[in-house]
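For reference, the structure is listed below as structure tokens.
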Amino acid sequence: MGGASDTEEQQLNAVMETAPPPTRRRKRKSMVWEHFTVEAVPGGCTRACCKLCKQTFAYSTGSKIAGTSHLKRHIALGSCPKIKSQDRKQLALAAGLKTDDGESPDPPKRRYRTSSFLNAQFDQDICNENLAKMIILHELPLYMVEHLSFVAFAQSLQPRFKMLTCEAIETEIMAVYQKERHYLLQIFGTMLGRISLTIGLWTTSQTLGYVCLNGQFIDSDWKLHRRMLNFMMVSSPHSENALSEVIGISLSEWNMKDKLFTITLDNNCSSHDIYSANLRDHLSNKNTLMLKGQLFVVRCYVNILNVIAQDVIASIHGIVYNIRESVKFVKASPTREEKFAEISLQVEIPSTKSLSLDITTQWNTTYHMLVAALEYKQAFTVLETCDDNYNEAPSHDDWKKVEVVCSFLKLLYDSASIILVAPDPTSNIFFHEAWKIQLDLAHAVASDDAVVSSVAKDMHEKFDKYWRDCSLVLAVAIVMDPRFKLKLVEFSFSKIYGEDATRYVKVVNDTIHELFLEYVAQPLPLTPAYVELGEANASIHGNEGNSPITPFSAVDGLHDFDIYISEISTTLSTKSELDQYLEEALVPRIQEFDILSWWKLNNIKYPTLSKMARDVLAIPMSMVSSASGSLFGTGTGSRVLDEYRSSLRPDIVEALFCAKDWLQYLPTMMEPPSNAIVKMEI
């Protein structure tokens, strides 16, 4: 054995001595090696292994190289199951192959050309701006630029990038803010209609607070927009003059002193905050407020729903606590859940709902918890009799109260959900919801059931206050909906007010006509002119007015008919656009109806009325949007600014809040960046 081994070693040494020196293997440059590794297999061969799906392919057998074409096809034409379909097209083009839709790659310019991104010019200013936008949009702390780990990460991507200091990033944030503000100023300069404001209050751990102003308007293309205008610090945000001062400053800064239409407040702001500061009177004296401010203050609809929901849940807080603890008990272990499921089968509960715990700050989750628990009430009663550790089951009377409360919460929940599904809710959709709640609560108060009447009484008192304050502006908004006009106002008021309905309908009708007359007094924008019949005839016959034209009526003997037509035309011409609009048949109600598109199409037909509709439909009946995440929030007080933001300079705080709102509407922020692989030119 030893001799044979020595002989083999001697032969190997002899081969090594006579063999030519090994040549340096050329570095693999094909893009496929980003996705494959080379592995040796028995027999002196190597195979290429896909990093994603782990499939192997022949690569070399001895001195013969199989090439990379089959490897390119694997990653670029969809053979690899791990590569997402959206990446295949880019991979195919990068590999120099045709895609499934027949698109061919760019013709090769130079073999092994460096990819285009390696030739990109480094720009410190662009990097600084993008870093500022990242901090703004993701609400990151400014001091993150001093974190050693973040500095190391940034320099690993681009060693030439010079990290900014906290002071420098503040400057960049202000630059982004000023740039976007200038762009918004240009938009407001071309705005055809008026703007309506919403006002929100923010408090801090200090005595200072902030007032947040948002503006809502409809642009020339009949698209609804909401933009944050200011986030201003005030010494006493709840003081009598704070809101009026902020509104005055904001209107002046944005050059909109004569374009204010309405202001929407939450239910914690009382109207005297606006009126007592003489802002309303001051603007009315200058004729800048429509109807002398009669529609000036609007209450937030979603806020009143949240207030009422919170109160009705609080009215049975003890029962809600027991149900919450009962759900916790059942979900504490799989064994308990199995036992509860067995009990549910035994008592034949048909429910498919699952028990769930609520988030105490979101009343809709409490509603869902109660609804699910209500269906398992019999199971909870049985569980208490067979498990000594459980003693939280509500009584029969308790379940009765829960059932009543859930019926009222459903009324509020369904109404709020209608608002939720509308991405850009115009003011007309709120009347439907408000009048139904007002009517249902009024009927419930008169119920013979003591529990129903008791719960409804407190709810109706709060909602009736909202209805009295806002029913007029809600009704004006629904009249601008061509599917309903005044007809729905008449119908709903007859159910709510009974014999007094006519008086309330007249108030709405008078208000609409008075508002329309104010728009008539304003100059109209340039619109295509209609050619008068006489002018058209003169043009057709080549007559410029120098030669008299013999009336055809003198020939056909229909002179009386011409007089009749003239009288009809005179009668019709005396009717205003508003009266013509109200007298026309209602537009059919279809689910896909777009009210802004309808007014855009009828803009020429109703040039003055469409101006009024533009402003009315843009009134923000709710301060809360579906995107804000607080549609079902139980908190009714001011929002609280965190300690870090409170420590920043007020101008930086305003820049952070406003710029975040404005940046989200940029085209580059609306869609996620592409994950496509950078093309390599071969």
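The values are calculated or read from the model by the stated rules, or taken from the named source; none is laboratory data. The structure displayed is predicted, hence computed values, not measured ones. Quick reminder, even Gly has a Cβ in these numbers, built from the backbone with ideal geometry, and neighbours come from all protein chains shown. These area figures cover heavy atoms from the full protein model, side chains too; ligands, DNA and RNA do not enter into them. Shrake-Rupley method; radii C 1.70, N 1.55, O 1.52, S 1.80 Å.
Residues in region 478-494 near a label at residue 590, defined as backbone nitrogen under 15 Å from the 7 Å Cα→Cβ point? So the set is 482-483. Fully extending the segment from residue 183 to residue 41, taken as 0.36 nm per residue of separation minus the present Cα-Cα distance, adds 44.7 nm.
Note on region 297-455: dipole from Cβ charges, positive end direction compared against 385, 438, 373; the farthest Cα belongs to 438. Remark: spin-label model distance residue 168-residue 652 equals 1.6 nm, labels positioned 7 Å along the Cα→Cβ axis. Here region 166-193 is scanned for amide nitrogen atoms under 19 Å from the site 7 Å beyond the Cα of residue 124 along Cα-to-Cβ, giving 166-176. Stretching residue 665 away from residue 388 to a fully extended chain increases their span by 93.9 nm, per 0.36 nm per residue minus the current alpha-carbon distance. Calculated FRET efficiency, residue 208 to residue 365, Cβ-Cβ distance, R0 = 35 Å: about 0.60 to the nearest 0.05. In the context of the full set of protein chains, residues of region 327-393 present 57 Å² of accessible surface per residue (probe radius 1.4 Å, heavy atoms only).
With R₀ set to 41 Å, the beta-carbon distance separating residue 639 from residue 347 gives a calculated FRET efficiency near 0.35. The listed residues 225, 182 rank as 182, 225 when sorted by accessible area, largest first, using a 1.4 Å probe.
For region 323-412, the Kirkwood radius over C-alpha pairs fed into Stokes-Einstein at 25 °C and 0.890 mPa s yields D = 183 µm² per second.
Computed from the C-beta positions of residue 561 and residue 598 and an R0 of 45 Å, the FRET efficiency is 0.80 to the nearest 0.05.
Is there a pair in 605/660; 495/611; 292/575; 257/487; 259/410; 410/600 whose C-alpha atoms are over 28 Å apart, and which pairs would that be? Those over the limit are 605/660; 495/611; 257/487; 259/410; 410/600.
Atom-type composition of the exposed protein surface of region 349-425 places 52 percent of the accessible area on carbon and sulfur (1.4 angstrom probe). Basic side chains Lys and Arg get +1 at the Cβ, acidic Asp and Glu get -1 at the Cβ, and with that the dipole of region 318-436 about its Cα centre reaches some 240 debye.
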